[in-house]
Each structure stands twice: as C-alpha cells, then as structure tokens.
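To keep things clear, I will list the structure first and then write my remarks on it.
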Amino acid sequence: MARPRRYALALELTSHCNQRCSYCYNDWRGDNGRSVGAMPSAELLALLERALGEVEFDHITLTGGEPLARADFFAVMELLKRHQTDAFVISNGGLISDEIAAKLAGYSLRGIQVTLNSTRAEEHDAVVGGAHFEATIAGIRALRAHDVPVVGSIVVTRKNADQVGDILDLWRSLEVETVALSRFSPAGYAAAHVAELLPSRTDLVHALEAAELRGAAGMDLQVTLPMPPCMIDHADYPHVGFSSCPIGTEMQEFALGPRGELRSCTLHTAPLGDAKVQSLAELVSLPALAAYRDVTPEFCAPCPHRSECMGGCGAAAASVLGDPRGLDPIVAQHVDEAFA
C-alpha cells in the first residue's frame, strides 16, 4: 500500500528553550517546558523513523523549543539524510557557533529560520526574555560564513511594526534576502500577551508599506500567517507574498509534539492523536482535517474570500476567544468593541 504524501511535518524536538519570547506559540512556554519535557533520544529517533516509513513528507521542519538545545540534534539530521529527506530548521540562532555552522553545512537544508525583532539589542531582548541579540547576530554570521541558507524572520507586533523597514535592511546587511513576515498570532503562550503585542490594521499597513519597498528592490518577502483580506488588500503589496491557513490543504504542515502528540499545526494546541501508539498515516488522513475548512465565523459569511481566509488563524481564535473556528483576534479587535 502506497504511503500517503503530505507536505511537511514540524517535529518539536524539545519543549526547552534558552529564550522565553512573549510571542511564542508553544502552549507550555510558561514553565519553559518543565511540565512537558522531551522524548528520550532512542524513542524520538524510532518515532521519526516510523513516521518517515508511514508517510512521505516533502520535508521535515525541526523546531521546538530550541531544536539545537538537544544533544542528539545531529543524530536526527543523520536519520533525515539517510532517508534523503530535506530539513528546514527554526532556531533562535543563539546556540549556533562556528563549529555547529560548519557541521550544518554538510546537510541538505532548505534553510534555517532565525528571528530578529529590532535593530536595537535592548528592544529585541525585551521580547525574547534575556540578553540574546548579540548571540543571535553571531549565529547568523556563522551560518552565512559557511554558506548555510538562512531565512530571516520578523514577528510583526504592535511594538515593532514601525521598524520593519529597518529590520529588513539589517537582514540585507547580513546577506539574507529571504525574510518571513510572521505577523503576531496570539496562539498558545502568546495569548497572554495579546493586548501588549497584537498589531492593529494601521500597524500592519506601516509594516507592509516598508516591506513593499524592499520587495520591489529585490528582497523575497512572505507573510507567513493569514492576513485577512477584509483588513489588508493583498493587491496593494504586489512584491510581498501572502499565505492563508493551510490546514486541510495539500500545503498543511502537521506538528509532532515533544510527547508524541500530533496536531493540525504548531499553533494549535488540541491533539489529533498520539503518534506513539497510533498510525501516523491514519492520523494525517482524518476526515476532520478536510472538514476543518467547512466552518467559518458568522462574521465572514458574506465574504467571497471566506473559503480561503476562513476568518484568519483558528488557533489564535481558540487560544484567545475559546472558539477554534471563531474570528481571528487580528480582525476581532476592529469589529468587536468589547474585545477591543
């Protein structure tokens, strides 16, 4: 029987992280993952081996927590190499030394995504929970010195939306031309910081205008979380790419958590099942995944874009408003006076 083909699996190698970002979507970030932990090395590698045998993934995203905090990170990379499966890594960059960058250069990597939130150390550090800016910059420089592909990231919040142009210029000075504009989505742990960080429409327009100028000058820029068209007309920014929620589509990236729980994506907290005891091939084929796109918020009923947009990020709606198919807080702040 042929293996089902799916786009990607985000493997959360560990719940531990050397940072505590206020925008983190990990539901367990409050105690830095102490209540969650991580699978022992042999168990993790066996589960990944079985996952790759049961489902054909285009690539595996290694994330966490901080994936490079695991001592067996390169054992995972070796397993992927043996299966001829590409990896994409999401890291804060602060643990990447010249030696680690040199080792990473020996693998087939789609890229390593690293986030910068400001051009100023004190402002970047204020949202990541400690003095990390200089270590992150050093990690990026080490990766570039060894020709490891780096994908920049900016989590666009109320605090830094007016700095997006300057941060993009910093990325370009670091020889990184591809940047994800990951607009803040208050899912998981980040829900506690929604009032502090959720950008308004005006904030997003300022950020996108700055991004459009850099995109027109040759940078490859993509908004990686839903930007509902009732808020932002995507056509106004022709040199910026926009994404919609991929759950239930051929572009879905499933999340395999530190305890073996499979979820619809990294932002959703509700498990689809336990991959340690259930078939991954069956879990990624559940009818509920296709049905996910059948429900949209009542507010969205008249909108011609509802089948693609679905009201924005359902994970944020679940974390903040208690309704997984409710209206994304990014929109709700402008149409719900009580929430605003």
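The values are calculated or read from the model by the stated rules, or taken from the named source; none is laboratory data. The shown structure was predicted, so the numbers you read here are calculated from the model rather than taken from an experiment. Here Cβ is always computed from backbone atoms with ideal geometry, including for glycine, and neighbour counts include all displayed protein chains. Protein only, heavy atoms only, side chains kept; ligands, DNA and RNA dropped before computing areas. Shrake-Rupley method; radii C 1.70, N 1.55, O 1.52, S 1.80 Å.
Observations on the structure shown:
- Within segment 101-133: backbone nitrogen closer than 18 Å to the E175 label point (7 Å, Cα to C-beta): 101-107, 109-114
- Modelled this way, with points 7 Å down the Cα-to-C-beta line, the labels at S200 and S97 are 4.8 nm from one another.
- Cut-off under 5 Å, modelled amide H: who pairs with F242 long-range: V223
- Residue-normalised accessible area of segment 24-132, expressed per residue, 1.4 Å probe, Å²: 40 Å²
- Each residue of segment 179-187 is assigned a 3J(HN,Hα), and the resulting list reads 9, 8, 8, 8, 4, 3, 10, x, 9 Hz, derived from the Karplus form 6.51 cos²θ - 1.76 cosθ + 1.60 (θ = phi - 60°), x at Gly and Pro.
- Segment 48-171 - percent relative contact order, Cα under 8 Å, separation 6 or more: 24 percent
- Annotation for segment 268-340 versus segment 101-132: alpha-carbon center distance of 29 Å.
- Dipole in debye (nearest 20) - the chain, about Cα centre, beta carbon charges: Lys, Arg +1; Asp, Glu -1: 600 debye
- Ordering of 327-337, 26-36 by burial proxy (mean other Cβ atoms within 10 Å per residue, highest first): 327-337, 26-36
- Amide hydrogen proximity for N18: with H placed 1.01 Å from N in the peptide plane, the residues at 5 or more positions away or on another chain lying under 5 Å are E66.
- Residues whose placed amide H lies under 5 Å from that of L272, excluding near-sequence neighbours: L262, R263, S264
- Spin-label pair D147/Q278, simplified geometry with 7 Å Cα→Cβ offset, distance in nm: 4.4 nm
- Taking a span of 15 Å or more along the helix axis (Cα atoms) and a mean Kyte-Doolittle hydropathy of at least 0.5 as the rule, the DSSP H helices of the chain that qualify are 41-54, 133-145.
- Note on the chain: antiparallel DSSP beta bridges, both residues inside, total approximately 15 percent of the bridges counted.
- Whole-Hz ³J(HN,Hα) from phi, Karplus 6.51 cos²θ - 1.76 cosθ + 1.60, for segment 55-63, glycine and proline x: 10, 8, 9, 4, 7, 10, 9, 9, 9
- Karplus-based coupling profile of segment 20-31, in residue order and whole Hz: 9, 6, 5, 9, 5, 8, 4, 5, 9, 5, x, 10, with θ = phi - 60° in 6.51 cos²θ - 1.76 cosθ + 1.60 and x standing for Gly or Pro.
- Accessible area in square angstrom per residue, segment 148-193, 1.4 angstrom probe: 30 Å²
- Dipole of segment 141-200 computed with +1 at Lys/Arg Cβ and -1 at Asp/Glu Cβ about the Cα centre; of I154, G165, V194, farthest Cα towards the positive end is V194.
- Using a simple spin-label model with pseudo-atoms 7 Å out from Cα toward Cβ, D294 and H334 lie 3.1 nm apart.
- Positive-pole candidate from A105, V89, A2, dipole of segment 1-118, charges at beta carbon: A2
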